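What follows is a single structure, written as structure tokens, with notes after it.
The values are calculated or read from the model by the stated rules, or taken from the named source; none is laboratory data. None of these values were measured; they are calculated from a predicted model. Backbone-built Cβ (ideal geometry, glycine too); neighbour counts: all protein chains shown. Accessible surface areas use protein heavy atoms only, side chains included; no ligands, DNA or RNA. Shrake-Rupley method; radii C 1.70, N 1.55, O 1.52, S 1.80 Å.
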Amino acid sequence: MARSRYVMLMAITLICLAGIVSWKSPQAVMVALTEPQYADSPRVAVQRYWGYLDTRQLELAEQLILAKELNPFGQQEVELWKKQVTNNPLISLKKLEFANSLDPNVIMVSVEWSSPMKDKILETYLIETRSTTEGWKITQIQKVNAQSLAKVQ
């Protein structure tokens, strides 16, 4: 009797595994690996940057930034976020919203972080990007407040 339960569980597991494999094809991943231009865009670069900060992969986040082109305020924002994610292991990225922009290389993004220790942090940034031989890189990060947001729109 116990043996038939194990056989049934194994059969259900194999059916579920076959369903997952047939439902989610790795074709999109293979296209992105073989043709990187489909996987690399200004939005993807910005999304990767915030994702790397969230997973505490600070070296990878730094590789997405052209540090020599950042102004002091942009460098200050980068250092502030590095310090914040390093000092607070419980802070996590909750939401990343992109706003439409006239220039595809300039992206406005709203970032929401939360932590059980602090209230949520909601910031809006204007991020400039540029295409390089290694892919899209961030050339400028500027915090946008309510007054300057009204001027941009």
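Below are the figures for this structure:
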read-out	value
Segment 80-128, residues that are in contact with a Pro (Cβ under 7 Å, 6 or more places away or on another chain) and aromatic (F, W, Y)	none
Those residues of segment 42-70 which are over 11 Å from the mean Cα position of the chain (by Cα) and at pLDDT 80 or above, in sequence order	P42, R56, Q57, L58, E59, L60, E62, Q63, L64, I65, L66
Residue within segment 28-39 that is at pLDDT 85 or above, open to solvent by 30 Å² or more (accessible area, probe 1.4 Å) and among the charged types (D, E, K, R) present	no
